[in-house]
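Inspection log for the structure reproduced underneath, given as structure tokens.
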Amino acid sequence: MAEPADAAAADEPRSPWLRTGFVTAAAFVGFVAVVGGAVVATSGGSDEAAAAPPATSSAPPPGATGAHASDGTCPTLADTRQGVPTAEPAGVTWALYDGVALPASKAAGPADTGKDLARCYARTPLGALLASSQISVRYLAADDWKSVTRAQTVGAGRDSYLADRAAAEKTAAPDGDRPAHGQIAGFRFVTYHDTTAVIETVWRFPAGQLQAATTTMLWRAGDWRLEYPADPAAPTPVDSLAGYVSWGGV
């Protein structure tokens, strides 16, 4: 998961939204390393139901952008391109969410964005990339992080993360000054299938250091979900963006 903070006393960043003392092996999560490291195609839980059919090429129905159907289903999005991006994707805009620039696209999502939850992405490589960027930040930084985590993450480590973080926050000291955030700097796809996308994202911190993290996105119940494995991989430092697509909003 992604860790957006510039750590003063460690090589890896620590998330300012995980209260003091809440950096455990299972919850080394944050803004610069989304959980992952390997393609995991199975996860337990009712929210990992059978994948929905691929999106069609039709544009979203009138009034669908920024909203969802009354039954909670997502609108059809216009993006149907199945080629993995090898350059900066066109049509992407950026907006700050708690200080972190997050990408969005009218064609690929999120089509439904609220205060904390951003959902409904195209079943395409760009949709998976946008979902990875949005979810990996929001489930950590959201005020209602529990709801975001339950709705948009799956995997063997999710329940432990929920329990460990909730327990830690009950006993944590009040937050002090927040460290500066990391920002998305680049990406590359490791693999892509219309049900599984493995994406490596590079994050840049204020002092200039870069860290890369691998995220696995799974298509479940009509949308992309971030997989939280039982043993999340830690982020790794990188020297440059060589081999990555340079991409970011700040």
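What follows is calculated from the coordinates using simple rules that are stated; it is not laboratory data. Bear in mind that the values here come from a model prediction, so they are computed numbers and not experimental data. Because the Cβ atoms are built from the backbone with ideal geometry, glycine has one as well, and the counts that use them run over all protein chains shown.
Some points to look at:
- Extension gain, Thr73 to Asp159, is 28.5 nm, computed as 0.36 nm per intervening residue step minus the present C-alpha separation.
- Amide H contacts of Ala185 (H built 1.01 Å from N, in plane; Pro and chain starts excluded): Val202, Trp203, Arg204 sit under 5 Å, all sequence-distant by 5 or more or on other chains.
- Long-range Cα-Cα pairs in the range 117-230 (distance over 21 Å), rounded percent: 42 percent
- Long-range HN-HN contacts of Arg123 with modeled amide H, under 5 Å: Ala55
- Amide hydrogen proximity for Val238: with H placed 1.01 Å from N in the peptide plane, the residues at 5 or more positions away or on another chain lying under 5 Å are Leu210, Gln211, Ala212.
- Simple label model, 7 Å out from Cα along Cβ direction - Ala234 to Ala167, nm: 2.2 nm
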